[in-house]
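Read the structure below first, then the notes.
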Protein chains: 4
Amino acid sequence: MIETDPNTTQVMPDEDSSKRRQILEGARKVFMNLGFDGASMGEIARVAGVSKGTLYVYFSDKSRLFAAIVEDETVHRGTLNVQFDPARDAETMLREFGQAWIAVVCRPGGGSAIRTVMAIAERMPEVGHRYYDCVIEGTIGRLAAYLQARVEAKELFIDDCHLAASQFQMMCQATLFLPFIFQGAPAPPPHDVQRVVASAVRMFLAAYGTKR
Amino acid sequence: MIETDPNTTQVMPDEDSSKRRQILEGARKVFMNLGFDGASMGEIARVAGVSKGTLYVYFSDKSRLFAAIVEDETVHRGTLNVQFDPARDAETMLREFGQAWIAVVCRPGGGSAIRTVMAIAERMPEVGHRYYDCVIEGTIGRLAAYLQARVEAKELFIDDCHLAASQFQMMCQATLFLPFIFQGAPAPPPHDVQRVVASAVRMFLAAYGTKR
Amino acid sequence: MIETDPNTTQVMPDEDSSKRRQILEGARKVFMNLGFDGASMGEIARVAGVSKGTLYVYFSDKSRLFAAIVEDETVHRGTLNVQFDPARDAETMLREFGQAWIAVVCRPGGGSAIRTVMAIAERMPEVGHRYYDCVIEGTIGRLAAYLQARVEAKELFIDDCHLAASQFQMMCQATLFLPFIFQGAPAPPPHDVQRVVASAVRMFLAAYGTKR
Amino acid sequence: MIETDPNTTQVMPDEDSSKRRQILEGARKVFMNLGFDGASMGEIARVAGVSKGTLYVYFSDKSRLFAAIVEDETVHRGTLNVQFDPARDAETMLREFGQAWIAVVCRPGGGSAIRTVMAIAERMPEVGHRYYDCVIEGTIGRLAAYLQARVEAKELFIDDCHLAASQFQMMCQATLFLPFIFQGAPAPPPHDVQRVVASAVRMFLAAYGTKR
DNA sequence: TATGAATGAGTCTTCATTCAT
DNA sequence: AATGAATGAAGACTCATTCAT
């Protein structure tokens with residue numbers, strides 16, 4: 001006679017509810033602009049357009065909300081939009097990679113995920129590790145695998161493909177990433193990106209394109 | 001009590017007084033380990049071994065104290081310990097530069113200035129600009145000037161020396177810097193640094209060491 | 001959907017509806033274990049197996065719900081399960097009374113009504129008064145009336161039956177009640193209760209069993 | 001040269017500083033009137049005449065402040081002002097004890113320590129235990145020791161002095177303590193106390209004053 | 001100059017209560 | 001009648017800053 005259904009009360013709303021997405025969107029803006037400590041739950045609520053209490057209906061505390069944001073950045077926005085095709089030639093593939101990478105690390109519109117995560121990595125090591133593993137190492141790993149394929153195809157001559165991948169990744173950032181981070185420079189225009197990436201590709205092929 | 005000494009009354013304490021340096025030293029440790037928001041004035045006072053009130057005798061508020069720390073980092077620790085001699089050959093010079101640069105950005109002992117400044121750059125633009133200008137751009141500029149000299153000496157063949165300098169700087173960080181920042185990895189051992197820098201030098205010379 | 005039943009629309013739900021009893025049962029557990037302030041409406045809803053909103057269908061606010069619980073305790077559980085028979089002898093009757101009283105104030109299973117009401121009595125005077133009148137004074141009154149009957153039967157010799165009743169009630173608690181309340185001691189085992197009550201009865205009769 | 005004295009900052013002020021006593025006094029009023037949960041740190045600060053922050057200079061959190069209050073009650077106000085002299089006769093001694101005990105548990109001026117501690121005992125067991133041990137059991141223990149002495153002096157005839165002490169203690173409360181707690185009755189006037197205590201003494205001696 | 005006690009604004013978090021469905 | 005998502009007021013606690021000594 002006592003029909004208690006424990007699932008009808010106090011349940012975390014749907015994982016994909018619109019309110020939840022609304023909160024994540026607001027929180028993303030605030031966290032990415034002000035950092036974990038600089039962001040206040042009140043400001044997040046205001047920007048998300050919900051009440052402070054509602055934040056806690058969806059996320060048990062500030063850290064979890066932050067972790068959810070970073071996870072979202074990690075999974076949805078940190079993945080390079082590049083299909084590595086082992087059959088395609090290095091020059092084209094590298095150029096595509098380089099441009100896609102800059103698009104990830106110099107995302108327009110303010111609010112850098114990479115900076116925000118860097119800043120907190122020492123105090124929230126799991127967050128830092130997860131972001132590094134997925135976004136940084138994951139990207140390098142995919143590039144390294146491609147390079148290995150080209151080595152086997154005798155197009156490239158590389159001892160340490162992982163190092164080479166990281167070198168290329170870093171070189172693409174030259175003159176672009178640090179001003180973006182430190183000076184609040186706008187995302188570099190496509191022309192600049194192409195020029196820098198092209199130079200990186202030329203350099204990479206000069207070093208690894210012929211047997212030493 | 002009435003004999004006022006115009007040099008000690010109502011005057012901001014000596015720029016180089018020992019108390020001031022003591023505060024800067026304590027604040028540096030705390031700020032670099034915890035970031036601007038994570039550091040509390042109480043903790044700084046404790047580490048510096050002075051009272052909280054004394055902090056405000058030397059610095060009008062937390063931001064100024066932070067700015068002073070960053071300035072100190074910028075001027076005293078951000079400058080590469082490398083003498084660019086336009087007469088010396090590129091291979092040696094680049095190797096020296098690369099190792100010195102890694103020593104700056106992967107400073108052992110925890111507490112990364114570069115991370116701390118990155119984290120706050122959006123909220124304290126002047127601090128970010130000043131650090132970028134002196135430490136990043138300054139370093140690249142000196143390297144670029146050296147490269148230009150070697151171009152004129154016909155050892156190197158470079159269109160855009162500034163870009164080339166930045167490329168080299170970034171390449172030296174490959175596989176070293178990001179794990180250090182994101183994963184709290186210890187400062188890389190000299191052997192690793194040498195290997196990565198050597199590879200960067202090789203790559204650089206392959207690209208820029210012969211007329212294209 | 002338009003067929004309104006005047007007995008169910010806009011009407012406070014039935015005083016004895018099953019939902020109402022379900023809520024009272026859950027609220028009783030929570031309030032008696034955690035006190036008025038320690039109990040939260042959410043927890044009550046969870047334990048009762050209804051939604052938070054439903055609580056407010058039956059009780060206009062937390063205080064009223066609490067008062068209803070206390071009323072229930074007062075009426076249903078605070079009444080001694082003892083039939084005072086003016087014809088029965090004092091020794092037997094007192095022993096029965098004493099054991100029943102200890103069962104009320106040291107109720108096993110945690111969650112003491114007497115403590116909960118005591119705690120809130122200053123802030124909710126009506127609740128305190130009502131509990132006192134029914135449970136404490138009511139009990140003493142019934143005992144006093146019985147004693148008066150025995151006085152008239154010449155078995156006992158008491159000036160102030162109300163005082164005597166209270167004395168006996170209190171004596172029965174000796175060494176049992178305060179450890180139960182303050183130390184979270186388990187409800188005293190029957191053997192201990194019998195011993196203490198027996199001692200109280202002996203004492204009572206020594207004092208009031210013969211003409212002074 | 002760096003004369004750091006870690007003892008000059010962040011030190012808990014003097015145990016007996018006037019501010020500390022001021023806080024304790026204000027907190028005592030608020031806690032004893034409203035209970036642990038009902039009292040807010042803001043209200044305590046207001047009543048004590050200090051800022052909220054100052055509370056935390058002297059007590060690390062609400063629980064510690066509360067525990068300090070209870071400790072103070074336990075040690076300074078919970079101790080009976082009675083000198084047990086084993087040589088003095090039971091009637092006098094018991095009367096003194098009874099009156100002193102009522103003064104402790106029905107302290108005038110509102111704000112009952114015994115109620116406040118009872119209310120929280122389940123959630124703060126150490127506080128409950130300490131209060132019980134010192135105030136309740138301590139008092140009973142001293143009385144029991146005196147009774148034992150009188151047993152040896154052949155004035156009294158008691159099997160279980162601890163039970164007897166508790167019985168006397170409880171009897172003294174008859175008709176006085178529960179109205180005080182539940183009904184917010186004022187502290188009982190001396191005349192009533194004397195009457196109830198006298199009756200308790202009479203009853204006690206009737207039971208334990210002659211060999212059974 | 002140096003101190004450290006004191007402040008109060010601001011932070012995260014909880015929870016009684018409301019209301020559209 | 002019943003729900004449970006949403007709210008916002010209030011609470012504990014922190015910390016940059018001030019000031020009398």
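Result for chain D in a Gaussian network model with C-alpha springs under 10 Å: among D:VAL193, D:VAL151, D:VAL127, the largest mean-square fluctuation is at D:VAL151. Ranked for footprinting exposure by Cβ neighbours inside 10 Å, fewest first, D:PHE84, D:PHE31 give D:PHE84, D:PHE31. Angle check, please: helix C:18-38 long axis (alpha carbons) against the longest principal axis of chain C (alpha carbons), in degrees 0 to 90, nearest 10. Helix C:18-38 sits roughly 70 degrees off the main axis of chain C.
Projecting 7 Å from Cα along the Cα-to-Cβ direction, the label point of D:ARG46 sits 2.7, 3.2, 3.3 nm from its equivalents in the other copies, listed shortest first.
By Cβ position, the chain B residue that hugs the axis carrying B onto C most closely, with its distance in whole Å, is B:SER40, 16. Rounded to the nearest 10 degrees, the inclination of helix C:138-152 to the longest alpha-carbon principal axis of chain C is 30 degrees.
So, R0 is 41 Å and r is the distance between the beta-carbons of C:ARG195 and A:SER60; what FRET efficiency does that work out to, to 0.05?
Working: r = 51 Å, r/R0 = 1.25.
That pair, C:ARG195 with A:SER60, gives E of 0.20.
Here's the list of lysines a cross-link from C:LYS154 could span, going by alpha-carbon distance under 20 Å and ignoring same-chain residues fewer than 8 apart: C:LYS211.
Report the GluC sites (Glu not before Pro) located in region A:71-143 that are in a DSSP loop and have at most 15 other Cβ atoms inside 10 Å of their Cβ, or state none.
On the way: sites: A:GLU71, A:GLU73, A:GLU91, A:GLU96, A:GLU122, A:GLU126, A:GLU137; in loops: A:GLU122.
Of the GluC sites (Glu not before Pro), not one in the loops of region A:71-143 has a Cβ with at most 15 other Cβ atoms within 10 Å.
Comparing B:LEU178, B:LEU143, B:LEU24, which has the greatest mean-square fluctuation in the GNM of chain B with Cα pairs linked when under 10 Å apart? In this elastic network of chain B, the residue with the biggest mean-square fluctuation among B:LEU178, B:LEU143, B:LEU24 is B:LEU178.
Across the identical copies, the 7 Å label point of C:ARG77, projected outward along Cα→Cβ, sits 3.1, 5.4, 6.4 nm from its counterparts, in ascending order.
The orientation-averaged shadow of the Cα convex hull for region B:103-206, equal to a quarter of the hull surface, comes to 7.3 nm². Please report the base-10 log of the normalised intensity I(q)/I(0) for chain C, using a Debye sum with one equal scatterer per alpha carbon and no solvent, at each q in 0.07, 0.16 (1/Å). After summing over all Cα pairs, the log10 values are -0.29, -1.04. Take the Cβ-Cβ distance between A:GLN83 and A:LYS211 as r, set R0 to 35 Å, and report the resulting FRET efficiency rounded to the nearest 0.05. Plugging the Cβ-Cβ distance into 1/(1 + (r/R0)^6) gives 0.80. Just list whichever of A:LYS52/C:LYS52; D:LYS29/D:LYS62; B:LYS62/D:LYS19; B:LYS52/D:LYS29 have alpha carbons separated by over 25 Å in the model shown. Over 25 Å Cα-Cα: B:LYS62/D:LYS19; B:LYS52/D:LYS29.
What order do you get for D:THR79, D:THR116 when you list them from fewest to most C-beta neighbours inside 10 Å? Don't jump to the answer; show the numbers that get you there.
Details: D:THR79 15, D:THR116 28.
Exposure proxy ranking, most exposed first: D:THR79, D:THR116.
Set against the 2.2 N^0.38 Å expectation for a compact globular protein, region B:156-212 has a Cα radius of gyration ratio of 1.30. Modelled spin labels at C:ARG21 and D:GLU25, positioned 7 Å past Cα toward Cβ, are 5.6 nm from each other. With its label point put 7 Å out from Cα toward Cβ, B:PRO186 sits 4.7, 5.5, 7.7 nm from the same residue's point in the other copies, in order from shortest.
Have a look at A:GLY98, A:GLY111, A:GLY38 and tell me which one the Gaussian network model of chain A (Cα, springs below 10 Å) gives the largest fluctuation. Residue with maximal mean-square fluctuation among A:GLY98, A:GLY111, A:GLY38: A:GLY38. The stretch between B:ASP160 and B:GLU71 holds 29.0 nm of extra length on full extension. This uses 0.36 nm per residue minus the Cα-Cα distance. With Cα atoms as the point set, the radius of gyration and Dmax of the protein assembly as shown evaluate to 40.2, 132 Å. Kindly identify region B:18-75 as rounded, prolate or oblate by the Cα gyration tensor criterion: order the square roots of the eigenvalues as a ≥ b ≥ c, call it rounded if a/c is under 1.5, otherwise compare a/b with b/c, prolate if a/b is larger, else oblate. Rounded, because the longest to shortest axis ratio a/c is under 1.5.
Each reported figure results from applying straightforward, stated rules to the coordinates on display, with no laboratory input. Remember, it's a predicted structure, so these values are computed and weren't measured experimentally. Because the Cβ atoms are built from the backbone with ideal geometry, glycine has one as well, and the counts that use them run over all protein chains shown.
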